[in-house]
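The values are calculated or read from the model by the stated rules, or taken from the named source; none is laboratory data. Since this is a predicted model, take the numbers as computed values, not measurements. All Cβ positions, even for glycine, are placed from backbone atoms using ideal geometry, and neighbour counts span all protein chains on display. When the accessible area is computed, the model is the full protein with side chains, heavy atoms only, and any ligands, DNA or RNA have been set aside. Shrake-Rupley method; radii C 1.70, N 1.55, O 1.52, S 1.80 Å.
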Amino acid sequence: MPDRILMPFLALVGLALVAFSLVWPQGYGARSPAPFGSVPIQQTPEMQAKIQREKDAAARHDQQARGQMSDTRAAVAGTP
């Protein structure tokens, strides 16, 4: 393919990719600039509440596991 056709085509593809990246959903990160984007999923109040519930449940599970380990160690240490 001649360079006179290929180079402008590649430049056009590059510009199209940059334009596409401006309107593509930003996912879970920070909000995109003003005219684009929306509130990210993880920043909604419902998701924040769900994340906090999961953190609390993980902390309770961790605490239970630590309690069981200390009970097991005490039982093993008490056995001759």
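Yes/no matrix, rows are residues, columns are (1) at pLDDT below 90; (2) surrounded by fewer than 10 Cβ atoms within 10 Å (Cβ to Cβ):
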| site | (1), (2) |
| --- | --- |
| MET7 | no, no |
| GLY29 | yes, no |
| PRO35 | yes, yes |
| GLN42 | yes, no |
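What's the total number of residues in the range 44-74 that are in contact with a helix residue (DSSP H, G or I) (Cβ under 8 Å, 6 or more places away or on another chain) and open to solvent by less than 60 Å² (accessible area, probe 1.4 Å)?
Counting residues in the range 44-74 that are in contact with a helix residue (DSSP H, G or I) (Cβ under 8 Å, 6 or more places away or on another chain) and open to solvent by less than 60 Å² (accessible area, probe 1.4 Å) gives 2.
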